[in-house]
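Below: the structure, in structure tokens.
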């Protein structure tokens, strides 16, 4: 049987297009999301390869049950892609603690829940790959997204730590860094759509790297260079992105 891939947040954006590309390439895909409204055509076209699991990543019992259902159906979990996210766009003084807490429940603890659920199965089979989708704003910061940026900064640290802890078990834990993409989660940033990448293109490119075990995975050289600059000059890049966004918004 082909490799089994779980993707959270698979009903929209990058997750959806990753799932579509993987299905076209013959992978078994378990799509975790609250709704499958955008997945209906794929479910019809790939009934034996696509399994939709209605799953709220803030619900530990639901996540565990969904992961168990994948193992019961297909016997293994080869790759886990943590992609589901929530972004609230509000200045720090205007946001409530509850709004930031909810971002962490989805973007950070949601990742923890799926990893906890998948880990015993990956250990039993002697290995696996965990891709945690991050964002450069977790490195540089960005005005108005203190909660979202904080969750991505936490994912950066979590991923590096788990990569060290789980390597002896044959489990690779990596960061996936897409560029700024025209998705629902990116909309709160206020960046004009013409300044963002197409989710179909990004999802397809990321899917082609689904078996990569590189510590940091990007879809293309341009994104890799931007990430390099963000890591080496985080404050300068953060200020630059903020100024560029304001300039474009005023046009």
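Below is a table of values for the structure above.
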| quantity | calculated |
| --- | --- |
| Distance (nanometres) between label positions extended 7 Å along Cα→Cβ at residue 123 and residue 221 | 4.3 |
| Cα→Cβ-extended label distance, 7 Å offset, between residue 161 and residue 233, nm | 3.1 |
| Helix 146-166 vs. the chain, principal-axis angle (Cα, 0 to 90°, nearest 10) | 40 |
| Inter-label distance, nm, simple model (7 Å from Cα along the C-beta direction), residue 61/residue 93 | 4.3 |
| Rounded tilt (10° steps) of 221-232 against the dominant C-alpha axis of the chain | 60 |
| Residue 68-residue 243 FRET efficiency (beta carbon distance; Förster radius 41 Å; 0.05 resolution) | 0.25 |
| Between helix 60-74 and the chain: long-axis angle, C-alpha atoms, 0 to 90°, nearest 10 | 50 |
| Residue order, fewest to most beta carbons within 10 Å, for 177, 116 | 116, 177 |
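Quick note: the coordinates plus some simple rules give every number you see, no bench work behind them. Predicted model, so just to flag it, every value in this text is computed and none were measured. Neighbour counts run over all protein chains shown; Cβ positions are idealised from the backbone, glycine included.
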